[in-house]
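Since the structure comes first, as structure tokens, the remarks are kept for the end.
Any read-out appearing in this document is the output of simple, stated calculations on the displayed coordinates, not a laboratory observation. Quick caveat, the model's predicted, so the values are computed rather than measured. No Cβ is skipped: glycine too gets one built from the backbone with ideal geometry, and neighbour counts run over all protein chains shown.
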Amino acid sequence: MGRIDDSTWIIYRGMGSPEPHETNGEPIPKKGTGGRCAHCGRPAWYRLNQAISSSFSTVKNGSRAWPFATNEVCEACLMACKSLRLRCALWFARESGVWHVPTRPWIVKDAAGKGRALPGTRVETLDSLLYPPPVPFVAGWPRMGIAKGGEQNIHRVYAPGRVMPQDPLVKIQSKHVAIYAQVATSRDRYPLQVDDVHDVIVDVEEWSVARDAAYVLLRELRGDGIGQQDCVSALLTMRAPPGASIGVMRQWRDMTRPIERHHTAIWWPLFVELLRMPELVKREKQDPKEGKRHATTDERTGPEEHREEHHQRSPSAVLPAARNKAADARRGSGVAQVQLRLF
């Protein structure tokens, strides 16, 4: 691993070494004395309160954020805190540039305000992590910022040398990432900073094997008609999902053996989050009484987001009602039924 105090300078040079500025484009005046930077120890010409807000607090990594314990920061560490682009989307940085990797498809809204994903706008994020750039580089994943809409609005963030967007994004609820990130000195095993608390080591060989095994399992489950949320839960718990066929149950131990040891690792939920869900294969089920084929619930409800709701409903049991011959005769034929909600 490279020194942590080098990471902000790699990022800063990759950004083009811009003059420090606020998120609205206004320049930040120098108010420091030239003493040591609280983060990297280099000469600092800005005050620490110009880099972070008064509400900023560290959870676990205070000693990594400000190891020199001064009240000043240099221009590189200042921009590592100020740049919204570093808190909106997963990124890699080298001295030659900073680039972002999307983790979600691009969502557009129709006239009714309903969002839908544009086809072909979701890249294989894991491929980018498993084929990192040449060393040295820095990698960060602002997971909270992405969840709060940063990735979908990164085009609204001001960048030096570019025209100010009509509706600029000047604030986002996110964690600081770049200030904690470390320098990668190997492409085989490198640090990925996730928000401000997760220290994840990407072992490329191990993650590659896990990815292939996870996709084998997901394809089997989706081919078995299993919904997306149940698939995710199965990967996180290593338990066969409800509704799985006998064939899947028989193969479960063999399919999960290559990845079973990973599901308790700190990086496993993050890894699962980046997997690309295969298409659901629609199933049909046979009605034993009438001999007709009916679409499953997944088919009846249409789009995938509606299909997932089916798995969240309370299960119910169908019990035969007490026989009433007179009532049966009035109805013509058949047995009356009542539905009992289990919980």
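With 25 Å as the limit on Cα-Cα distance, the pairs of LYS30/LYS171; LYS114/LYS175; LYS30/LYS148; LYS109/LYS171 that go past it are LYS114/LYS175; LYS30/LYS148.
Starting from 0.36 nm per residue, how many nanometres of slack lie between VAL216 and PHE68 once their C-alpha separation is accounted for?
Full extension from VAL216 to PHE68 adds 48.4 nm.
Quick one: TYR12, TYR131, TYR215, fewest Cβ neighbours within 10 Å first, how do they rank? Before the final figure, lay out each step's value.
Details: TYR12 24, TYR131 10, TYR215 15.
Ascending number of Cβ neighbours within 10 Å: TYR131, TYR215, TYR12.
For the pair TYR131 and GLU95, label points projected 7 Å from Cα toward Cβ lie 2.6 nm apart.
Here the spin labels are modelled as points 7 Å beyond Cα on the Cα-Cβ line, and at ARG239 and GLU279 they lie 3.2 nm apart. In plain terms, the residue of GLU151, GLU19, GLU75 with the fewest other Cβ atoms within 10 Å comes first and the most crowded comes last, giving GLU19, GLU151, GLU75.
Quick one: order TRP106, TRP45 by neighbouring beta-carbon count within 10 Å, fewest to most.
Numbers: TRP106 14, TRP45 19.
Ranked by crowding around the Cβ, least crowded first: TRP106, TRP45.
With the cut-off at under 20 Å, measuring from each backbone N in the stretch 18-35 to a point 7 Å along the Cα-to-Cβ line of ASP167 picks out 23-25. Set the Förster radius R0 to 51 Å, insert the Cβ-Cβ distance between LYS30 and ILE246 as r into 1/(1 + (r/R0)^6), and round the FRET efficiency to 0.05. For LYS30 and ILE246, the calculated efficiency is 0.10.
Whole-Hz Karplus values for the stretch 151-158 come out as 5, 6, 10, 5, 5, 8, 7, 5 Hz, taken residue by residue from phi with 6.51 cos²θ - 1.76 cosθ + 1.60 and θ = phi - 60°; glycine and proline positions read x.
3J(HN,Hα) couplings calculated from phi for the stretch 226-240 with the Karplus curve 6.51 cos²θ - 1.76 cosθ + 1.60 (θ = phi - 60°) are, in sequence order, 7, x, 4, 5, 5, 5, 4, 4, 5, 5, 6, 9, 6, 10, 4 Hz; Gly and Pro show x. Using the Cβ-Cβ distance between ASP6 and THR264 with R0 set to 22 Å, the FRET efficiency from 1/(1 + (r/R0)^6) comes to roughly 0.10.
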